[in-house]
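Student: Let me begin by handing over the structure; questions about it come next.
The values are calculated or read from the model by the stated rules, or taken from the named source; none is laboratory data. Since the structure is predicted, the reported quantities are computational estimates derived from the model, not experimental observations. As a convention, Cβ positions derive from the backbone with ideal geometry for all residues, glycine included, and neighbour counts pool all protein chains shown. Heads up: the accessible areas ignore ligands, DNA and RNA and are worked out on the full protein's heavy atoms, side chains in. Shrake-Rupley method; radii C 1.70, N 1.55, O 1.52, S 1.80 Å.
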Amino acid sequence: MTSPRITLALAATLLAISSPSAPAQSQDYPSRPVKVIVPFGAGGPADVTARQIGSILQESFGQAFVIENRTGAGGVIGTQDVVKSPPDGYTLLMMSNTQTANESLVPQRKYELMRDLEPIAPVNYSDLVIVVHPSVQAKTLQEFIALAKSQPGKLNYASSGQGTPYHMAGELFKAMAGIDLVHVPYRNSGEARSGVIGGQVQMMIDAVPAMAPNVAENQVRALATTGKTRSTVLPNAPTVIEAGISGYEATIWLGLMAPAGTPKPIIDKLGTAVNAMVKRPDIVKLWTRQGAVPMSMTPEEFDKFLRGDIVKWAEVVKKFDKPPQ
């Protein structure tokens, strides 16, 4: 008769044999389509970049990387959907500094970024551009600041929602320029862009790759870009620093995360593939033409970067002259 101890040992052995190990899961991964959730609207930098990445990862792994846009609440809804997903590598999040800003801006969210998600790799970053509708009586950034100071609370600016890089860049600009602008959040960057092009709002801070074509068509007027040096895509626009606001800098960066608990071999496999992709000459050439700069980090380096960005935006939020609208 088999003793209870032997029975338990046999059961444990059978369980170990029948359960795939993490290394085995990694070797087989991905064995079916992978879903990439973009918590932002179609046509914006995150959506466009996710589709570029998905196409290349599909070539690399032989499985489809399906992009799904799940918008709302400044990126919180889509992020929450990923947090709730199984930690098996088959649901990923295309995220940006929206998620790091939301850590201090949206205290009511039901997740914590660094507790409930695993960093995989950053992808790229882009400078932003401050644009105004052609009807605005300001040809330079200083003229716009002077106009805003003469009409406190009368001019407005668009963003794709609370906590987005465009919103945070706008609030930082307000604080450093000492002006009072009204924040008008739209559901996504495409609608916000249409708002400033149509003249419903006076100003917007948008990603250079997204807004440069509209500048070229004279649908908006570029006043300044937000990087440390001039944009190669919009070389005639001075930087905000050149225009007189010392120390101002803002970008939009993108990256990939997975639900917490995703096996490390899968995280590493994805991170290696993404880092190889961003170094491809054709991708570097494409992004350079669009005004985007590749980023490359290990999952551990990206983890440190994310934690630092959370602290950075928490400090920016403290500078707001009033709660974001």
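Student: Looking at the structure I just gave you, is Ala148 out of contact with any strand residue (DSSP E or B) (no Cβ under 6 Å at 6 or more places or on another chain), crowded, with 18+ Cβ neighbours inside 10 Å and either modelled with pLDDT of 95 or more or closer than 21 Å to Val274 by Cα (or both)?
Tutor: Judged against the criteria, Ala148 is a match.
Student: Now for a separate question. Go over the candidates Arg32, Arg51 one by one and state the one that is within 24 Å of Asn214 (Cα to Cα) and surrounded by fewer than 17 Cβ atoms within 10 Å (Cβ to Cβ).
Tutor: Arg51
Student: Then there's this: When you scan the stretch 262-282, how many residues do you find that are among the aliphatic types (A, V, I, L, M) and open to solvent by 30 Å² or more (accessible area, probe 1.4 Å)?
Tutor: Residues flagged as among the aliphatic types (A, V, I, L, M) and open to solvent by 30 Å² or more (accessible area, probe 1.4 Å) within the stretch 262-282 amount to 1.
Student: So, in the stretch 203-220, of the ones that are of a type outside the set (Gly, Ala, Ser) and open to solvent by 50 Å² or more (accessible area, probe 1.4 Å), which residue ends up farthest from Asp47 (Cα to Cα)?
Tutor: Of everything passing the filter in the stretch 203-220, Asn218 is farthest from Asp47 (Cα to Cα).
Student: Taking the stretch 124-145 only, how many residues are open to solvent by 60 Å² or more (accessible area, probe 1.4 Å), touching a Lys or Arg at 6+ places or on another chain (Cβ under 9 Å) and closer than 24 Å to Gln290 by Cα?
Tutor: Residues in the stretch 124-145 being open to solvent by 60 Å² or more (accessible area, probe 1.4 Å), touching a Lys or Arg at 6+ places or on another chain (Cβ under 9 Å) and closer than 24 Å to Gln290 by Cα: 0 in total.
Student: So Gly195 ticks every box in (1) among the small types (Gly, Ala, Ser); (2) in contact with a Lys or Arg (Cβ under 8 Å, 6 or more places away or on another chain); (3) without any contact (Cβ under 8 Å) to a residue 60 or more places away in the chain but one. Which box is left unticked?
Tutor: Answer for Gly195: the failing condition is (2).
Student: Here is a further query. Go through the stretch 54-78 and count every residue that is open to solvent by 30 Å² or more (accessible area, probe 1.4 Å) and in a helix (DSSP H, G or I).
Tutor: Qualifying residue count for the region: 7.
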